[in-house]
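A quick write-up on the structure given underneath.
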There are 2 protein chains.
Amino acid sequence: MPPPTPGKPAATCLARHRVRDAIQQLILSGEFQPGQRLVQQELAERFEVAQSVIRESLLELQFCGLVEAVDRLGMFVSGLDAKGLRHAYQIRELFEGLAARLCCESACRADLRELAELARKIFDLASRGDLEPMSQCDREFHFRLVQASGNPLLARLTEGYQMLGMFVRANRDPRQIRDEHLEMLKTIEANRPAAAEDLARRHVREAWHAIEEQIDQGTFVPHWVGQVVEYQAAGDGGAKPTKKKKPKERKKTT
Amino acid sequence: MPPPTPGKPAATCLARHRVRDAIQQLILSGEFQPGQRLVQQELAERFEVAQSVIRESLLELQFCGLVEAVDRLGMFVSGLDAKGLRHAYQIRELFEGLAARLCCESACRADLRELAELARKIFDLASRGDLEPMSQCDREFHFRLVQASGNPLLARLTEGYQMLGMFVRANRDPRQIRDEHLEMLKTIEANRPAAAEDLARRHVREAWHAIEEQIDQGTFVPHWVGQVVEYQAAGDGGAKPTKKKKPKERKKTT
DNA sequence: CAATCGTTTATTATCGATAATAAACTATGA
DNA sequence: TCATAGTTTATTATCGATAATAAACGATTG
């Protein structure tokens, strides 16, 4: 007769997931910088779990694209270079376009209303200069969009992989962003799939152009940006043992 | 002074990867059927590694989309239903289209020559009725295409996730497949990105239609098909604890 | 001073054992 | 017979320890 052990929180989430989310948070918040090495033992002590739990969490994050693993060498916070971002945006453009198109037949009124609400909120926050909440809202807008698309694989890929580029902030006119969002929604509501797809793709392209400009001007900060959204998804990934990573920053013999 | 231990194979690959590939093979070959439970202990004995190694391998495969995990319950070979396949093909269409488009500026002559070679080989094999090698060749064709696109993220997503749909066989006229492949290549060679993208997308749509027809007729076998290609990539993924899975097939008390 | 080789150390990869949990089973009572 | 509660068992999740490995260090020699 095993009593429910009243002292413990029943139905607790897997430690692996808890730690995964926490580390993700740390990466997105900037506390863990791109390129930084993630030492398993250190993290294990920090989160008070065994090293193997950290391993598994990092594996999940690897597949999210937030960390990269090199066999026998370690795991590192993924870097963010211009080329990688361009590639990510090429794909994001497809995803958002497909999402918008599919939404024409899948999104319900409630979804659209909520999306419009978010579009306005993004504008409000931007007007007030609250950049961080604005970014978060913007991400949520796009997450909701793919969720409303009715293609779970699309949602999983977008959320799971985070599409890398979703976590950098494009420096654009908030008014324009809002208008693009709203027009997209209007087109979806009008049930014009081709037009909606086109608008969504254009929207992503505009974002990319803004980021590209920042990169060219040297004003781009190669940082993950944002807080973890409430979503529930993860990993994938794969080991690319061929890729070499700077193994530096190893402790000296104290 | 640790001598190189001459008895052991130096620079051996991670056990995790070895096992991952082996299990993938077993799934694709059909020995492990969709829906089947993957018991860690069992696999650990079979591959002569610790259970934790199996865990990590399965995690990787989960992110590939080949297995699904349910927290505290186990891992199962992914199922293949009509809806899931449709969603996969929606995305595959985008990916192949983008790949073809990008190839116009990225693919070198050698790539194109090799692709043309493969296109012919696919036809030859199909003519002889060698369906399995044919499927493998076809997959290789599409893998090479995304690799030649010059967008590594695209390649990783396509290969890593295997795009699910890439591992079912569409029942089509081999001649038509060949012609579509070759026309696509010709368009790439002629540097007509928009046309190439369009052709690639159409090609995927055709494949999907063939599969859809098979499904409607009830002649579709819900099986993973194929052998592992030599690629090196992996998962992502994420746990979706909400999803319920048949926990059945548990051993009786012997 | 530069290059090479062995030693040390930090770190990952793997292992075997234990704790936690969910399903299967069994007994009990209406 | 059916439902329900307790027990057992199969299995996963976690832990702590060990083996394997790659970088850092240090001495030795040209």
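The values are calculated or read from the model by the stated rules, or taken from the named source; none is laboratory data. What you see is a predicted model, and the numbers here were worked out from it, not measured in a lab. Please note: Cβ atoms are built from the backbone with ideal geometry, for glycine as well, and neighbour counts cover all protein chains shown. Remember, those area values only see protein heavy atoms, side chains included, never the ligands or the DNA or RNA. Shrake-Rupley method; radii C 1.70, N 1.55, O 1.52, S 1.80 Å.
Per-structure values
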read-out: Protein accessible surface hidden between A and B, which excludes ligands and nucleic acids, total in Å², probe 1.4 Å; value: 3900
read-out: Residue mean of other protein chain beta carbons inside 10 Å, A:13-19; value: 2
read-out: Efficiency of FRET from Cβ geometry, A:R46 and A:D71, R₀ 22 Å, rounded to 0.05; value: 0.40
read-out: Karplus 3J(HN,Hα) series, Hz, for segment B:179-191 with 6.51 cos²θ - 1.76 cosθ + 1.60 (x for Gly, Pro); value: 4, 5, 4, 5, 5, 4, 5, 4, 5, 5, 4, 6, 6
read-out: Peptide-level mean, for A:82-88, of C-beta atoms on other protein chains within 10 Å; value: 3
read-out: Shortest-first distances to equivalent copies, position A:P152, nm, label 7 Å out along Cβ; value: 3.2
read-out: Exposure of B:T187 as accessible area (Å², to 10), given a probe of 1.4 Å and all protein chains; value: 10
read-out: Under 5 Å, built H, 5+ apart or other chain: amide partners of A:Q36; value: A:V77
read-out: Teacher prompt: B:K186 distances to equivalent labels in other copies, 7 Å Cα→Cβ, nm; value: 4.4
read-out: Inter-copy spacing of B:A116 label points, which lie 7 Å from Cα along Cα→Cβ, given in nm from shortest upward; value: 5.5
read-out: 17 Å cut-off, amide nitrogen to a point 7 angstrom out along B:V221 Cα→Cβ, residues in segment B:102-134; value: B:126, B:129-134
read-out: Square roots of 5 times each gyration tensor eigenvalue, C-alpha, segment B:82-217, largest first, Å; value: 22, 18, 13
read-out: J(HN,Hα) series, segment B:46-57, from Karplus relation 6.51 cos²θ - 1.76 cosθ + 1.60, nearest Hz, glycine and proline x; value: 4, 9, 6, 9, 6, 4, 5, 5, 4, 3, 5, 4
read-out: Cut-off under 5 Å, modelled amide H: who pairs with B:V49 long-range; value: none
read-out: Cut-off under 5 Å, modelled amide H: who pairs with B:V67 long-range; value: B:Q62, B:S78
read-out: Among B:91-98, A:103-110, the order from most to least packed when residues are scored by Cβ within 10 Å on average; value: B:91-98, A:103-110
